[in-house]
1. Computed FRET efficiency, Cβ-Cβ of Ser33 and Phe112, R0 35 Å: what is it to the nearest 0.05?
2. Which residue fluctuates the most in the chain, going by a Gaussian network model with Cα springs under 10 Å, if the choices are Ile70, Ile59, Ile231?
3. Using the basic label-point model (7 angstrom from Cα toward the beta carbon), what is the Phe84 to Arg312 distance in nanometres?
4. Send over a whole-number figure in Å² for the accessible area per residue of the chain, probe 1.4 Å.
5. On full extension of the chain, what length is gained from Ser48 through Ala262, given 0.36 nm per residue of separation minus the C-alpha to C-alpha distance?
6. At 0.36 nm per residue, and after removing the present C-alpha to C-alpha distance, how many nm does the segment from Asp200 to Gln285 gain when stretched out fully?
7. Accessible area of segment 1-68 with a 1.4 Å probe: how many percent of it is carbon plus sulfur?
8. Work out, step by step, the length gained on full extension between Asp22 and Ala305: first 0.36 nm times the residue separation, then minus their alpha carbon distance; give nm to one decimal.
Amino acid sequence: MNETKAEMILKIRDLKLFFDGDYGTTQILNGISFDVKKGETLGIVGESGCGKSMTAMCIMRLLKSPPARIEGSIEFCGKDLLLFSKKEMQNVRGNEISMIFQDPMTSLNPVFTVGNQLEEVFMLHQGMSRQEARKQTVEALRMVNIPMPEKRVKDYPHQMSGGMRQRVMIAMALACQPKLLIADEPTTALDVTIQAQVLDLMRNLRDELGTSILFITHDLGVVSEMCERAIVFYCGEIMEEGPVSELFSNPKHPYTEGLLSALPRIGQRKDKLYVIPGMVPPAGQFPTGCVFVERCKYAKERCHAEKPDMVRLDEKHTVKCFRYQD
Ligand SMILES: Nc1ncnc2c1ncn2[C@@H]1O[C@H](COP(=O)(O)OP(=O)(O)OP(=O)(O)O)[C@@H](O)[C@H]1O
Ligand SMILES: [Mg+2]
């Protein structure tokens, strides 16, 4: 299939997010544009505080407005979610877009068994009877590799390990057979062995069900395992976008370069680990020119004064840096 003609599930254009507070307005996102194609896993990477989760919250329309103010467009299967009513949005959230959060305890209800909670999803979103839903729940738990699912349906969330809870969350997110799954740091809280199992599971489910995934993480290793394409976020803007293989072997943005140099490698001594100098500025204090200017070893006067445009290097690779402009 010609990739450029692949069906678009999500098309975000010039997304801006502001929080209006008593002490003025803080801009969190500034002109985010990207696409997710059918069946693909797109990675969003970047350091803490760069706006990854807020982008997901905009798509899900889970931010309270006011104080949150969103501009731009978020087209999902051809319709702008920003124009949807609360009720239409509820329908989308339950049936077409699911989200997995970093901490499963925030999404699982501690006073109901995991079985009960999954049954509810099947009854509500697939119109099943209680009996059908009960059967389907055991199947769903089996699908995410929960051992002895007939027994575990009676567990309360706190009776399960972190990895198991995260797998229940995945089962729940997939129960409505969404077109798009947003996974926000789904494995960050898990140890590496369990993380590998959960990632494996997500890959299998994606291949089996053809779900498109927006995979948010600050872990470049996870991105290289999960995603074909990725976008690099910094201070509420996209710095670079391209195929993962290319971003890793041939990063163009100084920030992407920095992120990669900061990756620990086997055989490397800990005290030699590179860190990008400086820190992510807090929201509301982003530089007016290039947002990376204060940490960039290539920064020139122009970078302080003006914002670079997104430059297209080839069909799939774009970068926002003056070094490639003009
Ligand atoms: N209600 C709010 N009012 C003002 N600023 C907010 C609010 N919620 C979040 N922010 C700010 O928005 C920015 C982006 O936050 P976001 O949670 O999207 O970061 P992130 O990239 O997901 O980071 P992490 O990797 O730590 O999860 C941060 O600077 C954060 O402080
Ligand atoms: Mg986050």
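1. Numbers: r = 40 Å, r/R0 = 1.14.
Calculated value: 0.30.
2. Among Ile70, Ile59, Ile231, the largest mean-square fluctuation in the Gaussian network model of the chain belongs to Ile70.
3. With each label placed 7 Å out from Cα toward Cβ, I get 2.9 nm.
4. On the way: 16440 Å² over 326 residues.
With all protein chains present, the chain gives 50 Å² per residue.
5. Numbers: separation 214, 0.36 × 214 = 77.04 nm, distance 1.45 nm.
In short, 75.6 nm is gained.
6. Details: separation 85, 0.36 × 85 = 30.60 nm, distance 3.91 nm.
Stretched out fully, the Asp200 to Gln285 stretch lengthens by 26.7 nm.
7. On the way: 1630 of 3270 Å².
Carbon and sulfur: 50 percent of the exposed surface of segment 1-68.
8. Gain in length upon complete extension: 99.0 nm.
The values are calculated or read from the model by the stated rules, or taken from the named source; none is laboratory data. These figures come from a predicted structure and were not determined experimentally. Every residue, glycine among them, receives a Cβ derived from its backbone with ideal geometry; neighbour counts consider all protein chains shown. We work out accessible area using only protein heavy atoms, side chains counted, and drop any ligands, DNA or RNA first. Shrake-Rupley method; radii C 1.70, N 1.55, O 1.52, S 1.80 Å.
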